[in-house]
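In what follows, a structure is listed as structure tokens, so that the remarks can point back to it.
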Amino acid sequence: MQCPSCGTTLSTRMTRCPTCNKPVPNETRLNEMPQRPQVFAAMNITLLAVIVLFLMAGGSGLAYYAQVIHPNDLHAQATVVAQTVLEAQGQSTAMANLQLSATAAALTPQQIYAQATSGTPVINDPLTSSKSTTWYQYGTPTNGCFYSGSAYHLKMNRRGSFVCIAFNSFFHDLAFQVQATILKGDIAGILFHTGINTGYLFIIGQVGGYALYLVKTDSSHELISGTSMAINTGQGQSNLLTVIDRSGKIYMFVNKQPIAHVSDSTYSSGQVALYGEGVNNSTDVAFNNAQVWSL
């Protein structure tokens with residue numbers, strides 16, 4: 001956003017230009033606010049029924065179509081968060097990466113988790129206040145991404161799925177972790193290496209199922225699925241979701257317990273996002289304590 005009087009680049013939160021000290025009109029700030037992420041592409045009733053069966057029985061071979069729509073603001077100028085990411089990643093050499101990959105291959109999933117989350121996270125957001133500079137508010141408290149009751153709620157007042165993207169959250173190898181509580185609906189999840197209609201989607205269901213999907217522009221492919229005793233089942237139960245991706249080796253954890261891992265290097269970088277879905281009903285998923293480590 002630019003000052004209409006002197007052309008100085010401004011934050012969307014500024015009400016007065018720091019250069020010419022002139023007030024910024026409300027319409028200028030509103031027009032420059034990040035756009036609301038769009039809902040995942042609608043799925044037919046038959047596919048929704050299959051998802052329910054998967055979540056209840058942990059079946060595999062599910063064909064899942066989910067289209068990730070990015071806001072138009074993906075190429076906004078870099079913030080301090082983005083600069084920190086680039087600096088952290090630029091410090092590694094090719095030899096260091098090879099050494100890390102060799103070390104990771106000899107570690108257990110639990111050791112990989114401990115190692116990946118031991119450093120200082122680049123993003124460390126409690127998701128308790130609208131003052132967050134990573135996840136913004138969109139829509140209304142009943143239909144959108146909104147802060148309420150010291151949590152970041154992803155809500156839809158009808159069945160379907162919704163995505164809330166973290167701005168300026170471009171990462172390569174990473175560990176991404178967040179606390180998710182399904183208050184209404186069926187599914188909570190996280191996306192990583194997200195681009196325009198692309199990325200990876202890790203989801204859990206309130207009845208104990210999990211899955212990882214490779215999301216493409218016009219289709220999606222299930223990489224792995226199943227059930228896990230590590231998942232706290234039922235509405236209102238909190239689960240800590242974690243994904244770790246280092247050089248195409250993807251590890252999934254729930255409540256710090258390893259549940260699955262796969263190898264896939266289709267995507268190696270992108271943004272991170274939060275996901276919620278109601279198969280037959282409305283959705284309300286509360287998120288807290290989002291953390292991202294650059295590996």
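The values are calculated or read from the model by the stated rules, or taken from the named source; none is laboratory data. The shown structure was predicted, so the numbers you read here are calculated from the model rather than taken from an experiment. Ideal geometry is used to build each Cβ from the backbone, glycine not excepted, and the neighbour counts take in all protein chains shown.
All conditions in (1) more than 18 Å from Gln291 (Cα to Cα); (2) touching a Pro at 6+ places or on another chain (Cβ under 8 Å); (3) crowded, with 19+ Cβ neighbours inside 10 Å hold for Phe253, with the sole exception of (1). The set of residues in region 227-247 that are assigned to a loop (DSSP other than H, G, I, E, B) and in contact with a Gly (Cβ under 8 Å, 6 or more places away or on another chain) comprises Ser228, Met229, Ile231, Thr233. For region 201-213, a residue qualifies if it is surrounded by 24 or more Cβ atoms within 10 Å (Cβ to Cβ), among the hydrophobic types (A, V, I, L, M, F, W, C) and in contact (Cβ under 8 Å) with a residue 60 or more places away in the chain, and the qualifying residues are Leu201, Ile203, Ala211. Could you tell me whether Asn239 is under 16 Å from the mean Cα position of the chain (by Cα), modelled with pLDDT under 95 and surrounded by fewer than 24 Cβ atoms within 10 Å (Cβ to Cβ)? It is false that Asn239 is under 16 Å from the mean Cα position of the chain (by Cα), modelled with pLDDT under 95 and surrounded by fewer than 24 Cβ atoms within 10 Å (Cβ to Cβ). In region 179-226, of all residues being in a loop (DSSP other than H, G, I, E, B) and of a type in the set (A, V, I, L, M, F, W, C), the one that is farthest from Val285 (Cα to Cα) corresponds to Ile196. Just checking, does region 97-111 include any residue being more than 15 Å from the chain's Cα centre (by Cα), surrounded by 13 or more Cβ atoms within 10 Å (Cβ to Cβ), at pLDDT below 95 and at positive phi? Taking every residue of region 97-111 in turn, none turns out to be more than 15 Å from the chain's Cα centre (by Cα), surrounded by 13 or more Cβ atoms within 10 Å (Cβ to Cβ), at pLDDT below 95 and at positive phi. Would you confirm whether or not region 262-273 contains a residue that is buried (at least 24 other Cβ atoms within 10 Å of the Cβ), of a type outside the set (Gly, Ala, Ser), part of a strand (DSSP E or B) and within 18 Å of the chain's Cα centre (by Cα)? Yes, because at least one residue in region 262-273 is buried (at least 24 other Cβ atoms within 10 Å of the Cβ), of a type outside the set (Gly, Ala, Ser), part of a strand (DSSP E or B) and within 18 Å of the chain's Cα centre (by Cα). Among the residues of region 284-295, are any surrounded by fewer than 23 Cβ atoms within 10 Å (Cβ to Cβ) and free of Cβ contacts under 8 Å to residues at least 24 places away in the same chain? Looking through region 284-295, none of the residues is surrounded by fewer than 23 Cβ atoms within 10 Å (Cβ to Cβ) and free of Cβ contacts under 8 Å to residues at least 24 places away in the same chain. Residues considered: Thr217, Thr198, Thr227. Of these, the only one that is surrounded by fewer than 24 Cβ atoms within 10 Å (Cβ to Cβ), at pLDDT below 95 and under 24 Å from Lys249 (Cβ atoms) is Thr198. Screening the candidates Ser129, Ser161 for the property of being farther than 28 Å from Thr198 by Cα and at pLDDT 85 or above yields one hit, Ser129.
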